[in-house]
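The values are calculated or read from the model by the stated rules, or taken from the named source; none is laboratory data. Here the structure is a predicted model, which is why all the values come from computation and not from measurement.
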Amino acid sequence: MITIDLSIVAEIIGVLILIVVLNSWLYQPLRNAIEKRKEKMDSIEAEAVKFEDRIKSLVEDYERKLKEARQAGKAEFEKLREEAKELEKKLLGESMQEAEAKRQELMSQLTSQIEAAKKELQAKAESFAVEIAQKLLGRAV
């Protein structure tokens, strides 16, 4: 049977002293270290979240700028394409005008050469006609 005497009180006091000593030398420093580690991990986690947000922001900014640059490049390409088409039309028009002017010049030269050839042939035709007539008639006409 259990007897309650002074030894139990001494054991209880010993256990309480042991709890106080262990609490102050072992458990409290351990709790403090765990708390510091938890605070440090929370700080690192918050910093990581901040970095992730910053990275997301930078990526979104990059994608937006890339999209704007593509749109600007496409607009510039279309502008240059239209300018090239207009230049092509202009050069084609000028070439057509030059070709038409050259054709007109050649036609006028050809017409004048034809007229000169007609006159020359007409003059020769009259002399040939006289010669043929003289040969056919056998006398001078």
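Taking the condition assigned to a helix (DSSP H, G or I) and either over 45 Å from the mean Cα position of the chain (by Cα) or modelled with pLDDT under 95 (or both), does A84 pass?
So A84 does not fit the description; no.
Quick one: would you say E11 is assigned to a helix (DSSP H, G or I) and modelled with pLDDT under 95?
yes
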